[in-house]
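Since the structure comes first, as structure tokens, the remarks are kept for the end.
Just so it is clear, none of the values below were taken in a lab; they were calculated from the coordinates. Everything numeric here is computed off the predicted structure, so don't read it as measured data. For neighbour counting, all protein chains shown are included, and Cβ atoms are generated from backbone atoms with ideal geometry for every residue, glycine included.
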Amino acid sequence: MENEKRDILKTKVMGHRGAALLAPENTLASIRAAAEAGATWVEIDVYLIAEGGLVIFHDDTLDRCTNGSGVTREARPTDVAALDAGAWFSDAFVGEKVPTLLEALECIQSLGLGLNLEIKHDSADVENIVPAVMAMLRDYWQDNDKLMISSFNLAALDMCYEIDEQRHLAPLYEDIPEDWQAQLESIEAYSLNCDYSRLTEAQARAVKAAGYKLLCYTANDPKKVTAHWEWGMDAIITDDPTQFAALLTK
Ligand code: G3P
Ligand code: MG
């Protein structure tokens, strides 16, 4: 196909928040667990906190995944660094920290993994988080073909594209909008990343026919995505890469 994207993933399995069922999500332990399970790519969430801090975290509040509480966006880096992000998951992970973006980039590269970095933010914060994330990637990430940047917020990806057209960008959708193709074209996207449970066969085949890679989140039971492979899904984003061991290429 004329416009088909190159295969930078070289895998069908990507760990979600590291490997969120095997270790506390979005921690360095979770990233290592994904690698140990045989995943060669991980998805993690980058979140803007107070004082311009960038940490790996999913929620708008600290309560679920740390021993702290309150609004994540308002937390100061020194306070977040002091939190325990592992005890909630199990005793084996007591002392695990909320990683900074830099710590995660170093960990992921030291393990030789690919990174799907999902940018989380309030719409009002696009200009506060995107240039900062892109600068960190410019300065600390080596191999552009081992990096995908994804977001539910197209404005964030527009800004990524303005800053560096060479990055592999991936709009995220719960429900795929009518104008998805125009959205992907406007940023020369690499892939469309969507919720496997809402994807239809027609949508999947249209994405593939347009030449884009198709990634789906978050399936932990291989039986739930049997059809999706037939529709052309390129990779599954999963909390437990061991469930897809037959598809892993070490
Ligand atoms: O990148 C796929 C997935 O991570 C998107 O949803 O809420 O788990 O970040 P969420
Ligand atoms: Mg995510």
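Miscellaneous remarks
- Per-residue [θ]222 nm for the chain (sum of -39500 (n - 2.57) over DSSP H runs n ≥ 4, rounded to 500): -8000 deg cm²/dmol
- Relative to the current alpha-carbon distance between residue 186 and residue 50, full extension at 0.36 nm per residue lengthens the span by 45.8 nm.
- Unsatisfied cross-links (Cα-Cα over 24 Å) in the set 12/224; 12/97; 12/223; 5/223; 5/146: 12/97; 5/223
- The modelled label-to-label distance for the pair residue 64/residue 125, using points 7 Å beyond Cα in the direction of Cβ, is 1.6 nm.
- Between residue 148 and 115, 116, 117, the built amide H atoms are under 5 Å apart, and every one of these is 5 or more places off in sequence or on another chain.
- In degrees, nearest ten, helix 126-140 long axis to first principal axis of the chain (Cα): 90 degrees
- For residue 195, the amide hydrogen comes within under 5 Å of the amide hydrogens of 173, 217, counting only partners 5 or more places away or on other chains and with H modelled in the peptide plane.
- Positive-end residue of 70, 23, 53, charge dipole of the chain with Cβ unit charges: 23
- Rounded to the nearest 20 debye, the dipole magnitude of the range 117-250 is 600 debye, with +1 charges on Lys and Arg beta carbons, -1 on Asp and Glu beta carbons, and the Cα centre as origin.
- If you look at the Cα atoms of the range 1-90, you get an Rg and a Dmax of 15.6, 51 Å.
- Among 39-48, 165-174, 97-106, 195-204, the order from most to least packed when residues are scored by Cβ within 10 Å on average: 39-48, 97-106, 165-174, 195-204
- Considering only the chain, percent of DSSP beta bridges that pair antiparallel, nearest 5: 15 percent
- Dipole magnitude of the chain, debye to nearest 20 (Cβ charges: Lys/Arg +1, Asp/Glu -1, about Cα centre): 820 debye
- Over the C-alpha trace of the chain, radius of gyration and Dmax come out as 17.2, 52 angstrom.
- Cα-projected label distance for residue 201 with residue 36, points at 7 Å along beta-carbon direction, nm: 4.1 nm
- Fewest-first sequence of 150, 123 by Cβ atoms within 10 Å of each Cβ: 123, 150
- Packing around the peptides 140-148, 82-90, 54-62, 9-17, taken as the average count of other Cβ atoms within 10 Å per residue, puts them in this order, highest first: 9-17, 54-62, 82-90, 140-148.
- Simple point charges give the picture: +1 on the Cβ of Lys and Arg, -1 on the Cβ of Asp and Glu, and for the range 160-199 a dipole about the Cα centre of about 180 debye.
- The C-alpha atoms of the chain define a longest principal axis, and helix 154-163 lies at about 90 degrees to it.
- Cα centroid separation, the range 98-120 to the range 12-77 (Å): 10 Å
- Estimated vicinal HN-Hα couplings, Hz - the range 50-56 in sequence order (Karplus 6.51, -1.76, 1.60; Gly, Pro = x): 5, 6, x, x, 10, 10, 9
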